[in-house]
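Below you'll find the structure, written out as structure tokens, and then a few comments.
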Amino acid sequence: MKKLIILLTVLVLVFSLAACGNKAADTGSTEEGAYTDGGTMPGGFAPVIMVNGKLYTWTRLAVNRDFLDYGNGTEVFYSGDGNTFLPEGYIEAGKISEITAETPTEDMQLMAGFEASGTVYTSEITPEVVYVLMTTDWFDSKYVRFASDDLCGGECIFYNGNLYRISIGTGISPTVEELPEECVVIGTLKYIGDDAVPAADLETNCVSDTYGKYIDGREVYADPNDNSVIYVYEHQYWAQGDYPAYLACNLWES
């Protein structure tokens, strides 16, 4: 019975996260807020744009992230009134050339299930991310963030020369209640920003855990004899109570 209750609780959590389209609370109440972080898109798929020969996938509207500390951990939420912004260092690179139903093969083509127009912005500092000042039939003049596969889905950790995927709320990074016997603490995570690719030990571009709590400073564990997975501490909360647990982060495979 306990296992059944836990399973049902997990399913409720996963479906709730999917419905929100975001692992943190979205405070924006505007119409486009539902599409901020990968929620259901018009057309049924995430738009993809080609820029300088590379494909970039829609991740979210470009909104500011703020952090609130409730005493038991820092919680992430999206601030603002629906307005979006362009980060510093980005310059205009061109206009969306056309909308296509297929994977783009030419620069500035946008694969989307809706009509759109807009201006593309790029940065030499963070070439893994582009922004598009976009207008569609469901929002007007909003900056949209697109990311390439180089960001590993925007949720990765660097350690000992490898990238590990820390994918929250999707089942890719399963939770374990006990660590393998040989595991030891290897340090704590350092959040370096959404648009950065981790390149030093325990750097991450993942901002929060399953519960929307800020992940910077979180303890990480590894088995010295097994480089295929590292473990990130995450306190779990269930109807029966709360307990320590660990996210198993496997080697990234692009």
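Observations on the structure shown:
- Residue pairs, from the table Lys54/Lys142; Lys142/Lys190; Lys54/Lys190; Lys95/Lys142, whose Cα atoms sit over 24 Å apart: Lys142/Lys190; Lys54/Lys190
- Förster-model FRET efficiency, 45 Å R0, Asp226 and Ser79, C-beta, rounded to 0.05: 0.65
- Amide H within-cut-off set for Tyr159, under 5 Å, with H built and near neighbours excluded: Tyr164, Leu202
- Remark: spin-label model distance Thr105-Glu182 equals 5.0 nm, labels positioned 7 Å along the Cα→Cβ axis.
Values quoted throughout were computed directly from the atomic coordinates according to the rules given, and no laboratory measurement underlies them. Only a predicted model underlies this, so the values are computations on that prediction, with no experimental measurement involved. Glycine also receives a Cβ, built like all others from the backbone with ideal geometry; neighbour counts cover every protein chain displayed.
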